[in-house]
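First comes the structure, then the notes that go with it.
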Amino acid sequence: MSSKSAKKAKVQARNDRAAELRAEAERARRASVIQRFAIVGAVVIVVIVAAVFISSRDGSDVVASEAGSSDYGLVVGDTAAPHEIVIYEDFLCPVCGVFEEASGEMLSEVAAAGDAVVDYRPVSFLSRFGDYSADAVNALLVVQEASGDEVAKDFHDLLFADQPEESGPFPDDDWLVAKAVEAGADEAAVRPGIEDGARLADVEAATAEAEEAGVRGTPTVLLDGVVFEDGDTWEERTTNLREAVS
């Protein structure tokens, strides 16, 4: 083979080798892309499955006792009304505050009209943020026992009207006593129980009762034993809830 032919053969060999290397690099790149898409796809599948699981736990598994049957509820209206609304709430829960602001007046109206009985069931789900969640429920139970449901309902409304932030600072016992007195309670009758946490055992029992019923978050609202979620906002749900019982 002439030197010219040999040189040409070497050049061709280098070109062939370069082409092979490029093809190998392209195969590796494609494999890497496929692997990344596979990983992303697996993550997406996991997310979708999780989303389906979460959405499937929409509260349909909540089985609450009928209105007026709990030892820890605050009942407004006649238990013989054609509809019953049960509300699990936490006085520290900001969404509960939003729901109360949107629906409080409406709930009082349908109860007064005899369209529905409303059973408020305060719980302490947010105790991880501090003592206020439980202390507020304790205070409500103390006020209810000492002064009756009507004063307790006014106290309930005042607690939400001046609801603290989840991050605090939290009101003290004197503040709770002052709110109770503002609602119509006698200070001497409620201060000892508020300061001493006289009903904290019942707060724990009320929270456990809610958990056993399947409640996992607040607010949880049930209409005639079924979780009510008709509406994209709490304002819409309030409107739809009124229509459902009227």
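The values are calculated or read from the model by the stated rules, or taken from the named source; none is laboratory data. These numbers come from a predicted model, not from an experiment. Heads up, the Cβs are rebuilt from the backbone with ideal geometry, glycines too, and the neighbour counts pull from every protein chain shown.
Worth pointing out:
- Top-ranked residue of the range 125-145 - restricted to ones that are without any contact (Cβ under 8 Å) to a residue 60 or more places away in the chain and in contact with a Gly (Cβ under 7 Å, 6 or more places away or on another chain), ranked as farthest from ALA180 (Cα to Cα): GLY130
- Condition check for ASP119 on (1) among the acidic types (Asp, Glu); (2) closer than 15 Å to GLY73 by Cβ; (3) free of Cβ contacts under 8 Å to residues at least 40 places away in the same chain: one failure, at (3).
- Some residue of the range 114-125 being farther than 27 Å from GLU165 by Cα, surrounded by 15 or more Cβ atoms within 10 Å (Cβ to Cβ) and modelled with pLDDT under 95: no
- Pair list, Cβ < 6 Å and 6+ apart or interchain, from the range 168-183 residues that are part of a loop (DSSP other than H, G, I, E, B) to residues that are of a type in the set (Phe, Trp, Tyr) and at pLDDT 95 or above: PHE170/TYR132
- Scanning the range 172-188 for residues that are of a type in the set (Gly, Ala, Ser) and loosely packed, with under 13 Cβ neighbours inside 10 Å yields a single hit, ALA188.
- Selection over the range 70-109 of residues that are over 18 Å from VAL226 (Cα atoms), crowded, with 19+ Cβ neighbours inside 10 Å and among the charged types (D, E, K, R) gives a count of 2.
- The single residue among ARG191, ARG121 that is basic (Lys, Arg) and out of contact with any strand residue (DSSP E or B) (no Cβ under 8 Å at 6 or more places or on another chain) turns out to be ARG191.
- Meets criteria (at pLDDT 95 or above, over 21 Å from the mean Cα position of the chain (by Cα) and crowded, with 24+ Cβ neighbours inside 10 Å) for VAL143: yes
- Test for ASP174: is it closer than 23 Å to TYR72 by Cβ and in the same structural domain as ALA111 (by TED's automatic domain parsing): no
- Residue selected from the range 223-245 under the condition in contact with a helix residue (DSSP H, G or I) (Cβ under 9 Å, 6 or more places away or on another chain) and outside any helix (DSSP H, G or I), by the criterion surrounded by the fewest Cβ atoms within 10 Å (Cβ to Cβ): THR233
- Residue within the range 89-99 that is assigned by TED's automatic domain parsing to the domain that holds ASP131 and part of a strand (DSSP E or B) present: yes
- Hey, ASP232 assigned by TED's automatic domain parsing to the domain that holds ALA81 and touching a residue at least 24 places away in the same chain (Cβ under 8 Å) or not: no
- Residue list for the range 220-245, restricted to those being among the charged types (D, E, K, R) and over 18 Å from the mean Cα position of the chain (by Cα): ASP224, ARG242, GLU243
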